[in-house]
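Following: one structure in structure tokens, then a few remarks.
Only the coordinates and a few stated rules stand behind these numbers; no lab work does. Since the model is a prediction, treat every value here as computed from it, not as a measurement. Counting neighbours? That spans all protein chains shown, and the Cβs are built from the backbone with ideal geometry, glycine included.
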Amino acid sequence: MDDSKKRFITFFMACLVLNLSLIANAAPKLTIYDDGLSCPSNCDAHVVMHADLNGTVFAHLPSSTSSTPISCEVDSPCRICFDNEGNECLVTVYRGAGPGRNTFDFTPAFFDEWCKKNSLPKALKEKCDELQQMSKKLDGRVNCIRDPDHELCIDLVRRATETKQRDALLYQICVKLGQSAFNGTRDTSEKRTHACTYEYVSTGGPNSRGLRWKRLKPAACRKGTFVGRDGLDCCSGKPFVDATLGIECKLFYPTLH
């Protein structure tokens, strides 16, 4: 192999290592979720994350440091950081695993609490501004969850309510019998998982990456909320949340014209 080829391979490998290092140290992305009864502690202000993120510079016990991080414990305070240096941080409750790798998944209650504050980590401030900006996409539309008696909402909310009530009967039977016993008496299409709140077989999707997901069942959404179009989250009637879920909740916001 001549020297020019050796130099090229060396350069290529160096670039590859650098890119992998940048990916590995990339700050977590911020997302928002509310899957109803599956959301721990009634979806209070908290964060869930992939296990790989816990015990790193980005997420560790408040008593530990960014240089010597110790994993956070479920249902306990956790120091989460939005930068590689561990300077842009805050403390919130950690409720366990949830999203894919390198993601902080927060509840609407978390954003309700933190977006009102004047001093925020830069990445969180940008996310709060993004949520506020996205909520404007629903300006001029009817909010059927908040105004179910509007003429454009009556039939829509009635159908959603009836679907939720029918599913609630099955959910209650599943909880009473226990998920395993319930599933043992049902066809595969009727079986449930995740404490009776999700479908057993993944019928959601596929999305742009060809992935399918388990749909959230209608009864899993708390009072005053309804499952979205694709069974990904519960639509709450809060524009700053529902808007960021895109087409998932848009059916509950019909246009006047």
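Key figures for this structure:
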item: Out-of-range pairs (alpha-carbon distance over 25 Å; input Lys122/Lys250; Lys137/Lys191; Lys125/Lys238); result: Lys122/Lys250; Lys137/Lys191
item: Mean Cα-pair separation over length for region 162-257, i.e. relative contact order, pairs under 8 Å, 6 or more apart, %; result: 17
item: Most to least packed among 174-184, 57-67 [average Cβ atoms within 10 Å]; result: 57-67, 174-184
item: P(r) tail fraction, region 28-138 - alpha-carbon pairs more than 18 Å apart, %; result: 46
item: Net charge of Cβ neighbours under 9 Å - reference Leu138; Lys, Arg +1; Asp, Glu -1; result: +2
item: Ranked packing of 99-108, 228-237, most packed first, by mean Cβ within 10 Å; result: 228-237, 99-108
item: DSSP loop GluC sites (Glu not before Pro) with at most 11 other Cβ within 10 Å excluded, longest remaining stretch of the chain; result: 152-257
item: Label-point gap, in nm, between Asp155 and Leu211 - each point 7 angstrom along Cα→Cβ; result: 3.6
item: Amide H contacts of Asp233 (H built 1.01 Å from N, under 5 Å, at least 5 apart or other chain); result: Gly228
item: For region 154-250, convex hull volume per residue from C-alpha positions, Å³; result: 105
item: Taking all pairs of distinct alpha-carbon atoms in the chain, Kirkwood radius in angstrom; result: 20.7
item: Highest-first arrangement of 217-223, 90-96, 131-137, where packing means the average Cβ count within 10 Å; result: 217-223, 90-96, 131-137
